[in-house]
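One structure is given below, encoded as structure tokens.
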Amino acid sequence: MSTPFLQATSLSKIYPGPLGAGLKTTDLTIQQGQVTAIIGASGSGKSTLLSLLYGLITPDSGEVHFKGERVWGPEVKLIPGHDAMKMVTQAEDDLNLFAKVWDNVASLMPNTDLKEKRERSEKVLEQLHMLHLADKRVVELSGGEKQRVAIARALVTRPEVLLLDEPFNQVDTSFRDGLQEDIRQIVKDTGLTVVMVSHDPAEVLSMADMMLVLKDGEIIESGHPKKIYNDPQYLYTARLLTNCNVLTVSEASECGISARKEHVMLYPEWAETTKSWTRKKWTVKQVLFKGFYEELLLEYNGVSLRILNGQAGKYIEGDKVNVKILRHLEY
């Protein structure tokens with residue numbers, strides 16, 4: 001039987017206080033060479049779990065093992081954090097803002113082999129499309145560019161695990177997409193293992209191979225993002241992943257749904273307008289332009305629905321439409 005790559009056993013960390021925030025007793029295994037995303041509401045224990053995996057904080061109980069060896073926390077290790085791992089957060093604390101990009105990255109390498117130091121620094125900057133900025137001071141960079149420098153600093157020492165704590169939170173959307181693509185490519189090219197905490201569904205669904213959903217310090221479901229998105233076991237998960245429609249039994253009946261459970265959930269793409277000339281009972285209350293598609297906010301008899309419209313400009317506020325429910329889930 002092979003040794004798990006990164007494994008937590010009976011791991012817990014509860015912070016004092018009336019809320020009891022932190023991580024409850026948890027078991028998990030992180031697969032090598034994959035991007036694992038941890039999602040959950042604020043205070044669900046995401047960052048605590050990441051810090052425990054890294055050895056940044058000491059657990060109340062349980063252990064973390066990397067390739068079969070114990071990951072020790074600050075109670076044993078003078079400088080917390082496992083040597084084979086690197087963590088990147090939103091903060092710029094580790095960056096020398098008044099030094100050049102090149103120096104920020106190269107300074108992580110020893111001077112014992114100057115040729116290798118130069119080659120590895122150049123390669124990681126090239127992988128993150130930062131080589132043209134090598135001579136610029138970090139203070140002159142945008143927020144997204146600074147985040148790339150932070151990731152380059154983490155990668156130049158060739159860690160086996162890269163831990164990302166909300167790394168794209170303050171990065172512009174266009175810049176963020178490119179950075180995510182670069183990280184995915186690095187994972188593919190090098191076999192790097194990435195564990196990331198995120199509150200943004202777009203990041204998770206496009207980047208991750210595996211997703212863990214945390215609620216009140218517990219992992220309530222896990223799996224491939226596509227599977228969890230299409231069939232979330234909990235309403236909590238669906239609400240995390242998108243701005244979904246959540247209906248009561250009586251509201252669902254107005255949509256032609258006979259529900260047996262307390263709540264009915266449908267994503268905006270699980271409903272569509274139809275060409276029926278009769279029964280146009282839904283009123284278009286708002287049309288939200290999203291670029292190549294629109295979101296329609298519909299209302300009928302006190303019930304509101306948010307659905308997608310792929311034909312931009314087809315409807316205006318006040319139009320009457322009929323709605324066909326394609327799929328729904330009950331909770």
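Look through VAL194, VAL187 and report the one residue that is assigned to a helix (DSSP H, G or I), among the hydrophobic types (A, V, I, L, M, F, W, C) and touching a residue at least 60 places away in the same chain (Cβ under 8 Å).
Values: VAL194 fails: assigned to a helix (DSSP H, G or I).
The unique qualifying residue is VAL187.
Take GLU116 and decide whether it is part of a helix (DSSP H, G or I), of a type outside the set (Gly, Ala, Ser), without any contact (Cβ under 8 Å) to a residue 40 or more places away in the chain and closer than 23 Å to ASP83 by Cβ. Let's see the steps before the verdict.
Numbers: part of a helix (DSSP H, G or I): yes; of a type outside the set (Gly, Ala, Ser): yes; without any contact (Cβ under 8 Å) to a residue 40 or more places away in the chain: yes; closer than 23 Å to ASP83 by Cβ: yes.
Against the criterion (part of a helix (DSSP H, G or I), of a type outside the set (Gly, Ala, Ser), without any contact (Cβ under 8 Å) to a residue 40 or more places away in the chain and closer than 23 Å to ASP83 by Cβ), GLU116 qualifies.
Does the stretch 193-200 include one or more residues that are hydroxyl-bearing (Ser, Thr, Tyr) and surrounded by 20 or more Cβ atoms within 10 Å (Cβ to Cβ)?
yes
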Options SER42, SER10: the member that is among the hydroxyl-bearing types (Ser, Thr, Tyr), assigned by TED's automatic domain parsing to the domain that holds LYS215, in contact with a His (Cβ under 8 Å, 6 or more places away or on another chain) and touching a residue at least 24 places away in the same chain (Cβ under 8 Å): SER42
Of residues in the stretch 159-169 being modelled with pLDDT of 95 or more and over 11 Å from VAL195 (Cβ atoms), the one surrounded by the fewest Cβ atoms within 10 Å (Cβ to Cβ): PRO159
Residue selected from the stretch 201-230 under the condition part of a loop (DSSP other than H, G, I, E, B) and within 15 Å of the chain's Cα centre (by Cα), by the criterion surrounded by the most Cβ atoms within 10 Å (Cβ to Cβ): ALA208
Number of the condition not met by ILE151 [criteria: (1) in contact with a strand residue (DSSP E or B) (Cβ under 6 Å, 6 or more places away or on another chain); (2) not in a helix (DSSP H, G or I)]: (2)
Members of the stretch 257-280 found to be over 34 Å from the mean Cα position of the chain (by Cα) and either crowded, with 19+ Cβ neighbours inside 10 Å or charged (D, E, K, R) (or both), listed by number: LYS275, ARG279, LYS280
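Residue-wise test of (1) surrounded by 14 or more Cβ atoms within 10 Å (Cβ to Cβ); (2) at positive phi.
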site: ILE39; (1), (2): yes, no
site: THR48; (1), (2): yes, no
site: GLY55; (1), (2): yes, yes
site: GLY68; (1), (2): no, yes
site: GLU75; (1), (2): no, no
site: MET85; (1), (2): yes, no
site: ASN104; (1), (2): yes, no
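For the stretch 231-260, how many residues are part of a loop (DSSP other than H, G, I, E, B) and of a type in the set (Asp, Glu)?
So in the stretch 231-260, the residues part of a loop (DSSP other than H, G, I, E, B) come out as 231-234, 242-244, 255-260.
So of that shortlist, the ones also of a type in the set (Asp, Glu) come out as 231.
Qualifying residue count, the stretch 231-260: 1.
The values are calculated or read from the model by the stated rules, or taken from the named source; none is laboratory data. What you see is a predicted model, and the numbers here were worked out from it, not measured in a lab. Because the Cβ atoms are built from the backbone with ideal geometry, glycine has one as well, and the counts that use them run over all protein chains shown.
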